């Protein structure tokens, strides 16, 4: 492994640790939906059923994964739906610069629109040619490889387009608003002016 791929303060563990907050939700395909709402260009909310979401074009991303607890998992093969597909299907208002990713139990993480639209960001349904396991986010998680992994929300249920940035679950509890592992942006006290909402 190239040393340059490992952000400062990170290490490669044995095996593949799994960390999450709260219990693993049960997937109910008949009632599951994925909502895109907030400041949409049309002003209307859109919802995909699970069969509709499965029919969207899928793509593959090979990427590393960096947890704020300091382990990194290298060379993960993800498959899923590119955010570009969803942004094209349900365009945001021209003033949108941030999004909130919503998950089961009201869990959330905010992202800059540039992070959502990054080429390696993916709404993943598979890892290493297999469906995600329940504890890794089945049926759907977002993967944002260039940020710390708390931004890679498991059990995703929707995107809220935001005109003004707002902190998500861990950001409200003292984590950094941006979460760049190469700059070790772990905690909110490290934020520079303009890196987070007041």
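Please treat every number below as a calculation from the coordinates, not as lab data. Values in this document were obtained by computation on a predicted structure and should not be read as measured data. Because the Cβ atoms are built from the backbone with ideal geometry, glycine has one as well, and the counts that use them run over all protein chains shown.
Listed by position, the strands (runs of 3 or more DSSP E) enclosed by the stretch 39-93 that each have at least 1 residues that are farther than 20 Å from residue 143 by Cα are 46-49.
What are the residues in the stretch 8-17 that are within 19 Å of the chain's Cα centre (by Cα) and surrounded by 12 or more Cβ atoms within 10 Å (Cβ to Cβ), if any?
Restricting attention to the stretch 8-17, the residues satisfying the condition of being within 19 Å of the chain's Cα centre (by Cα) are 16-17.
Selection gives 16 alone.
With respect to residue 145, is the statement that it is touching a strand residue (DSSP E or B) at 6+ places or on another chain (Cβ under 8 Å) and in contact (Cβ under 8 Å) with a residue 24 or more places away in the chain true? First the steps, then the outcome.
Working: touching a strand residue (DSSP E or B) at 6+ places or on another chain (Cβ under 8 Å): yes; in contact (Cβ under 8 Å) with a residue 24 or more places away in the chain: yes.
It is true that residue 145 is touching a strand residue (DSSP E or B) at 6+ places or on another chain (Cβ under 8 Å) and in contact (Cβ under 8 Å) with a residue 24 or more places away in the chain.
Determine whether the stretch 131-154 contains at least one residue that is at positive phi, touching a helix residue (DSSP H, G or I) at 6+ places or on another chain (Cβ under 9 Å) and surrounded by 14 or more Cβ atoms within 10 Å (Cβ to Cβ). No, the conditions are met nowhere in the stretch 131-154.
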